[in-house]
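Student: My structure is below; once you've seen it, I'll send some questions.
The values are calculated or read from the model by the stated rules, or taken from the named source; none is laboratory data. Only a predicted model underlies this, so the values are computations on that prediction, with no experimental measurement involved. Cβ sites come from the backbone with ideal geometry, for glycine too, and all protein chains shown count toward neighbours. Quick note on the areas: whole protein, heavy atoms, side chains included, nothing else; ligands and nucleic acids left out. Shrake-Rupley method; radii C 1.70, N 1.55, O 1.52, S 1.80 Å.
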2 protein chains.
Amino acid sequence: MTAPSEPHPLARLDESVHQRTRLGVLAILAEINEADFSHLKNALQLTDGNLGRHLEVLVQHGHVELRKGSSAGRRRTWVRLTPQGRRSLMSEVELLKVLVSTLEAK
Amino acid sequence: MTAPSEPHPLARLDESVHQRTRLGVLAILAEINEADFSHLKNALQLTDGNLGRHLEVLVQHGHVELRKGSSAGRRRTWVRLTPQGRRSLMSEVELLKVLVSTLEAK
């Protein structure tokens with residue numbers, strides 16, 4: 001995949017996107033664009049606290065935006081992928097494709 | 001990728017393998033089987049402490065084995081992928097392939 005003296009391509013992985021929970025959130029949002037907190041929590045089998053902390057990181061990095069509202073009398077938080085979030089996810093996917101194709105050739 | 005009521009496939013990602021540094025270590029070892037500490041450190045652009053901590057996790061999970069020795073008068077630590085480590089890496093790759101193909105279809 002790389003010469004010994006060069007950095008390995010995976011050294012470029014962006015932890016703000018690659019981390020398991022955050023990657024799950026971004027992958028779901030890439031498919032449906034906007035999701036509410038409960039949907040993400042159930043789909044990724046997380047606690048409120050865990051999802052909340054990872055959403056905070058995603059917001060700080062500009063990958064998602066939150067919108068508070070209410071529906072059927074309940075307060076809800078909607079999470080939406082930003083254009084930058086989509087670009088960052090696609091960069092991750094490009095790196096993962098290199099990894100997959102290299103390892104599958106073994 | 002999944003119906004709203006089902007867990008998303010990425011909920012199954014194994015953090016002992018998926019974490020950025022550990023995935024890098026396993027990917028390098030999958031290619032060259034055994035590498036020394038310095039090679040991994042340089043290839044993944046890590047500090048001693050950071051690499052050491054992640055190797056500890058990989059050993060605890062049975063993904064790699066360490067071997068201490070010396071070469072050219074210097075003490076060296078060699079890191080080798082275990083059969084279980086290779087299987088865990090391949091499970092990760094299978095999940096990443098699902099992710100990549102789903103996102104590329106968007």
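Student: Taking beta carbons within 10 Å but only from partner chains, what does the mean come to for residues B:88-95? Display every interim value, and only then the final one.
Tutor: Values: counts 0, 2, 3, 0, 4, 7, 1, 0.
Per residue, the average neighbour count from other chains is 2.
Student: Moving on. Per residue of A:14-23, how many C-beta atoms from partner chains lie within 10 Å of its own C-beta, taken as a mean?
Tutor: 3
Student: So how strong a dipole does the protein assembly as shown carry about its Cα centre when Lys and Arg Cβ are +1 and Asp and Glu Cβ are -1, to the nearest 20 debye?
Tutor: Here the protein assembly as shown has a charge dipole of around 340 debye.
Student: Could you tell me how many degrees, from 0 to 90 and to the nearest 10, lie between the Cα long axis of helix A:20-32 and the main elongation axis, the longest principal axis, of the Cα atoms of chain A?
Tutor: Compared with the principal axis, the helix lies near 70 degrees.
Student: Which aspartates and glutamates, if any, have their Cα less than 19 Å from the Cα of A:Lys41, not counting same-chain residues under 8 positions apart?
Tutor: A:Glu31, A:Glu56, A:Glu65, B:Glu6, B:Asp14, B:Glu15
Student: For the protein assembly as shown, what is the convex hull volume of the alpha-carbon atoms per residue, in Å³?
Tutor: Numbers: hull volume 26.5 nm³, N = 212.
Dividing the Cα hull volume of the protein assembly as shown by its residues yields 125 Å³.
Student: Now for a different question. Bin all alpha-carbon pair distances of the stretch B:4-43 at 5 Å intervals from 0 and give each bin's fraction as a whole percent.
Tutor: Cα pair-distance distribution for the stretch B:4-43, in percent: 5, 20, 23, 18, 11, 8, 7, 4, 3, 1.
Student: Please find, among residues of chain A, the one with the beta carbon closest to the rotation axis relating it to chain B, distance in whole Å.
Tutor: In chain A, the Cβ lying nearest the symmetry axis toward B is A:Leu96, 2.
Student: Here's something else I'd like to know. In the neighborhood of B:His54, defined by Cβ-to-Cβ distances under 13 Å, what is the net charge if each Lys or Arg adds +1 and each Asp or Glu adds -1? Walk me through the intermediate numbers first.
Tutor: Numbers: positive: B:Arg20, B:Arg22, B:Lys41, B:Arg53; negative: A:Glu15, B:Glu15, B:Asp48, B:Glu56.
Result for the neighbourhood of B:His54: 0.
Student: If you fit an axis through the alpha-carbon atoms of helix A:83-104 and take the longest principal axis of the Cα set of chain A, what angle between them do you get, 0 to 90°, nearest 10?
Tutor: The helix A:83-104 is inclined about 40 degrees to chain A.
Student: Please report, to two decimal places, log10 I(q)/I(0) for chain B at q = 0.12, 0.17, 0.19, 0.22 Å⁻¹ as given by the Debye formula with identical point scatterers on the Cα atoms and no solvent.
Tutor: Those come out to -0.46, -0.79, -0.93, -1.14, one per q.
Student: To the nearest whole number, what is the average tally of beta carbon atoms from other chains within 10 Å of the beta carbons of peptide B:28-36? Kindly include the intermediate steps, with their values, before the conclusion.
Tutor: Values: counts 5, 0, 5, 7, 2, 0, 0, 1, 0.
Across B:28-36, the average partner-chain Cβ count within 10 Å equals 2.
Student: Now a separate question. Quick check: at a probe of 1.4 Å, how many percent of the accessible area of the protein assembly as shown sits on carbon and sulfur atoms?
Tutor: Values: 5080 of 10700 Å².
Carbon-and-sulfur percentage of accessible area, whole number: 47.
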